[in-house]
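Novice: Encoded as structure tokens, here's the structure I'll be asking about.
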Amino acid sequence: TVLGVYTVVRELGRGGMASVYLAMQESMEREVALKVMLPSLGAADANFSERFVREARIVAKLSHPNIIAVYDVGVAGPYHYFSMEYHTGGDLKARIHDGMMPKMALAITRQIASALAFAHSKGYIHRDVKPENVMFRHDGTALLTDFGIAKADDTASRMTATGAVI
């Protein structure tokens, strides 16, 4: 299957809003993770499309060693997609299941805290930190992913928003 400039190899995972595929970016001869929004969501509500593109743009602005890199965002027919780094180191959920020493847990926590601090310094709040959203490079470096429900940190509006915690 070809989507834009990407050749889809296989599905890596599926969520409520999108599926992620291993794909080849032919022009660069590299493997990428290709996140593709479910077409039914975009057809039903344009806000989903806007939120999806916003996620790609937010992550693209956050160049940090512990935040997944986004390469490209686009539309091919009914499919909205973005490509990002592909890594084979698994996710934190699997590592927790397999068990880890406290020293390793602390090292991972520090890396993700560094990523979150950087995102916050740029005005973004992740809002979905969970083990499934922490991936690993082959060298063990932790990477924060899935900024799908991130939002700009607007302190003024947060102070008066309904349901806000102060």
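Novice: Need pairs with beta-carbon distance below 9 Å; first residue of a type in the set (Lys, Arg) and within the stretch 5-31, second at pLDDT below 95 and open to solvent by 70 Å² or more (accessible area, probe 1.4 Å); sequence gap 6+ or separate chains.
Specialist: Pairs found: Arg30/Tyr71.
Novice: Any idea which residue in the stretch 1-14 is modelled with the lowest pLDDT, counting only those that are farther than 23 Å from Val134 by Cβ and part of a strand (DSSP E or B)?
Specialist: Looking at the filtered set, the residue picked out is Leu3.
Novice: How about the stretch 75-123: which of its residues are assigned to a loop (DSSP other than H, G, I, E, B), among the charged types (D, E, K, R) and within 15 Å of the chain's Cα centre (by Cα)?
Specialist: Glu85
Novice: When you scan the stretch 27-42, do you find a residue that is hydroxyl-bearing (Ser, Thr, Tyr) and under 19 Å from the mean Cα position of the chain (by Cα), even just one? Quick ask: steps written out before the conclusion?
Specialist: From the stretch 27-42, those hydroxyl-bearing (Ser, Thr, Tyr) are 27, 40; that's our starting set.
Going one step further and asking which of them are under 19 Å from the mean Cα position of the chain (by Cα), we end up with none.
No, the stretch 27-42 contains no residue that is hydroxyl-bearing (Ser, Thr, Tyr) and under 19 Å from the mean Cα position of the chain (by Cα).
Novice: Which residue out of Lys35, Lys61 is out of contact with any helix residue (DSSP H, G or I) (no Cβ under 7 Å at 6 or more places or on another chain), among the basic types (Lys, Arg) and closer than 20 Å to Val9 by Cβ?
Specialist: Working: Lys61 fails: closer than 20 Å to Val9 by Cβ.
After applying the criteria, what remains is Lys35.
Novice: Can you work out which of the residues in the stretch 79-98 that are open to solvent by 80 Å² or more (accessible area, probe 1.4 Å) and not charged (D, E, K, R) is farthest from Val129 (Cα to Cα)?
Specialist: Pass one, the stretch 79-98, residues open to solvent by 80 Å² or more (accessible area, probe 1.4 Å): 79, 88, 93, 96-98.
Those left that are additionally not charged (D, E, K, R): 79, 88, 96-97.
Working: Tyr79: 26, Thr88: 20, Ile96: 15, His97: 17 Å.
Only one residue tops the list, namely Tyr79.
Conditions (1) part of a strand (DSSP E or B); (2) surrounded by 12 or more Cβ atoms within 10 Å (Cβ to Cβ); (3) among the hydrophobic types (A, V, I, L, M, F, W, C), marked per residue:
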{"position": "Gly16", "(1), (2), (3)": "no, no, no"}
{"position": "Met24", "(1), (2), (3)": "yes, yes, yes"}
{"position": "Leu41", "(1), (2), (3)": "no, yes, yes"}
{"position": "Phe52", "(1), (2), (3)": "no, yes, yes"}
{"position": "Ala56", "(1), (2), (3)": "no, yes, yes"}
{"position": "Leu62", "(1), (2), (3)": "no, yes, yes"}
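Novice: Go through the stretch 67-78 and report how many residues are surrounded by 19 or more Cβ atoms within 10 Å (Cβ to Cβ), touching a residue at least 24 places away in the same chain (Cβ under 8 Å) and in contact with a Phe, Trp or Tyr (Cβ under 8 Å, 6 or more places away or on another chain).
Specialist: 1
Novice: Still on this model: For the stretch 26-39, name all the residues that are in a loop (DSSP other than H, G, I, E, B) and of a type in the set (D, E, K, R).
Specialist: Within the stretch 26-39, Glu26, Glu29 qualify.
The values are calculated or read from the model by the stated rules, or taken from the named source; none is laboratory data. Quick caveat: nothing in here was measured; it's all calculated off a predicted structure. Note that we place each Cβ from the backbone using ideal geometry, even for glycine, and neighbour counts take in every protein chain shown. The protein model used for the area step is the full one, side chains on, heavy atoms only, and it has no ligands, DNA or RNA in it. Shrake-Rupley method; radii C 1.70, N 1.55, O 1.52, S 1.80 Å.
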